[in-house]
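Since the structure comes first, as structure tokens, the remarks are kept for the end.
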Amino acid sequence: ERIEKAKAEIQNKLVAQLQRLHLDPTPVDLETTQDRLIARYRLAGREQLSAHTPRPQAPGDSLLSVQVHETALNNALDHLNLAGRKIELRDLFTEMTTRFDDQKIPVPEDLPEGVFVTFTDQEPVRLDFQDGRLRIRIHLKELSITSNHKTFKNLIVTGYYKPHPDQLDANLERDGFIELGGNRLGAGERIMLAGIFEKGLSRNRKLNLVNGRISKSPEPKEQ
């Protein structure tokens, strides 16, 4: 009975969430030793590539360890259909939080209205891991602000996230400053754009790599 319950929980909390992102979790290696139960899964759509090297082994004193390769995150981003799209920033926030979270999250009051972004046709958003941090790069074909009729072309927005040392959840928090690249920008334009993306990639909002229902589940704490 407990095994069936655990199976249903994994299906509901993990597998179903991945399938919502059009990822197909496929086991590539299942191994049981005297000390460990090890499962390696391919997280990618049928048309996508994924990492093929084994992950480093988890610490021996951990009850549960999950390791995610950057290809799994980028495969999920590819299925968000952002390439070439034009969308208002607040609408984008609502759409993305709905895709990644079961609960409806209200749009932050400080997120500016009337800011439209148009993503590039290739690799609009990319993630990679560098020196213990996650780097997110956003490639924009255009950004327009209706309030002052300003338009910016060919922007590259880069932000960095790091794991918080005093936590049990797999959350990442903003680290450092937002970097702006692409077309040549004046000092005033940089300040204006930095203000927009400091709110869009706010330090007050963490990136959750593990579904909230898993991290808040009481079962592991009861063991």
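The values are calculated or read from the model by the stated rules, or taken from the named source; none is laboratory data. Please read all numbers here as calculations on a predicted model, not as lab measurements. Don't worry about glycine lacking a Cβ; one is built from the backbone with ideal geometry, like all the others, and counts go over all protein chains shown. Note: areas computed on protein heavy atoms with side chains; ligands, DNA, RNA excluded. Shrake-Rupley method; radii C 1.70, N 1.55, O 1.52, S 1.80 Å.
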Which residues make up the longest stretch of the chain that has no trypsin sites (Lys or Arg not before Pro) in a DSSP loop with at most 13 other Cβ atoms within 10 Å? 105-183
Can you compute the FRET efficiency between Glu142 and His52 using 1/(1 + (r/R0)^6), with r the Cβ-Cβ distance and R0 = 41 Å? Round to the nearest 0.05. 0.65
Largest-first ellipsoid semi-axes for segment 1-81, taking √(5λ) over the Cα gyration tensor eigenvalues, angstrom: 23, 18, 11
Eigenvalues of the Cα gyration tensor times 5, then square-rooted: what semi-axes does that give for the chain, in whole angstrom, largest first? 36, 18, 17
Charge dipole (debye, nearest 20) of the chain; +1 at Cβ of Lys and Arg, -1 at Cβ of Asp and Glu: 380 debye
Counting only protein heavy atoms, what percent of the accessible surface of the chain is carbon or sulfur at a 1.4 Å probe? 53 percent
Need one number: nm distance between label points at Arg20 and Met192, each 7 Å from Cα along Cα→Cβ, rounded to one decimal. 3.7 nm
Give the accessible surface of segment 91-136 per residue, rounded to a whole number of Å², with probe radius 1.4 Å and ligands, DNA and RNA excluded. 62 Å²
Positive-pole candidate from Pro54, Ser144, Pro112, dipole of the chain, charges at beta carbon: Ser144
Residue range of the chain that is longest and free of GluC sites (Glu not before Pro) which are both DSSP loop and sparsely packed (at most 16 other C-beta within 10 Å): 114-223
Can you give me the C-alpha center-to-center distance between segment 107-168 and segment 80-95, rounded to a whole angstrom? 11 Å
Could you tell me the number of lysine pairs in the chain with C-alpha atoms less than 23 Å from each other, where the two lysines are 8 or more residues apart or belong to different chains? 27
